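The values are calculated or read from the model by the stated rules, or taken from the named source; none is laboratory data. From a predicted model like this one, the values you see are computed outputs, not experimental measurements. All Cβ positions, glycine included, derive from the backbone under ideal geometry; neighbour counts span all protein chains shown.
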């Protein structure tokens with residue numbers, strides 16, 4: 001079955017210190033699968049990456065993983081993906097993920113997650129794409145970052161319209177629904193599964 005939409009999810013290859021992070025990752029993957037969608041992500045089976053992918057598959061979704069050769073062992077490539085691409089470079093990974101996505105969503109993560117989020121945000125404000133970008137603020141994980149970004153607006157290094165290009169939320173289902181609708185899709189009714 002052809003997926004109705006594709007969401008590229010950026011998140012940690014570690015589980016983090018709080019169970020809420022894993023719960024959110026599971027909720028994101030489950031929502032994508034239950035609503036006829038496709039998960040596009042970094043191809044790892046460790047941490048929040050693996051939790052999101054497994055949940056999407058268990059809920060009936062398709063999962064597209066893209067992972068560089070150098071990270072196959074480090075992030076433990078998830079070979080159960082519907083499609084798994086092993087590429088040469090991080091640039092190739094990010095390009096392929098962006099091309100396969102209708103929307104982007106960042107969950108808690110580390111430096112890789114930050115870099116991917118900021119890149120697609122930058123690309124959007126430059127007009128390289130017009131796909132919605134979301135930030136899931138699980139258990140206040142991103143409060144500090146959002147405060148800092150607010151300060152950059154006050155200091156006139158960012159403008160309000162640039163900040164408005166990122167949608168933030170604390171509830172996975174609500175934020176995913178907004179992102180998918182803003183991408184021009186109507187999420188399928190709950191298709192069962194979990």
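Note on the range 58-71: residues that are under 18 Å from residue 112 (Cβ atoms), surrounded by fewer than 22 Cβ atoms within 10 Å (Cβ to Cβ) and either in contact with a helix residue (DSSP H, G or I) (Cβ under 6 Å, 6 or more places away or on another chain) or without any contact (Cβ under 8 Å) to a residue 24 or more places away in the chain (or both) amount to 3. Looking across 55, 4, 24, one residue alone is assigned to a loop (DSSP other than H, G, I, E, B) and either buried (at least 22 other Cβ atoms within 10 Å of the Cβ) or out of contact with any helix residue (DSSP H, G or I) (no Cβ under 7 Å at 6 or more places or on another chain) (or both). It is 4. Each residue in the range 10-36 was checked for being touching a residue at least 60 places away in the same chain (Cβ under 8 Å) and under 14 Å from residue 81 (Cα atoms), and 1 pass. Exactly one residue out of 145, 136 is at pLDDT 95 or above and surrounded by fewer than 16 Cβ atoms within 10 Å (Cβ to Cβ): that is 145. Against the conditions (1) closer than 19 Å to residue 159 by Cα; (2) without any contact (Cβ under 8 Å) to a residue 40 or more places away in the chain, residue 90 satisfies every one except (1). Among the candidates 49, 96, the residue that is more than 20 Å from residue 168 (Cβ to Cβ), crowded, with 24+ Cβ neighbours inside 10 Å and either in contact with a strand residue (DSSP E or B) (Cβ under 9 Å, 6 or more places away or on another chain) or free of Cβ contacts under 8 Å to residues at least 40 places away in the same chain (or both) is uniquely 49. Within the range 76-93, being crowded, with 21+ Cβ neighbours inside 10 Å and either more than 27 Å from residue 19 (Cβ to Cβ) or at pLDDT 95 or above (or both) holds for 81, 93. Residue count for the range 152-194 under the criterion of being modelled with pLDDT of 95 or more and either in a helix (DSSP H, G or I) or touching a strand residue (DSSP E or B) at 6+ places or on another chain (Cβ under 9 Å) (or both): the result is 26.
Residues in the range 101-133 that are crowded, with 18+ Cβ neighbours inside 10 Å and over 23 Å from residue 16 (Cα atoms): 101, 102, 103, 120, 121, 124, 131, 132.
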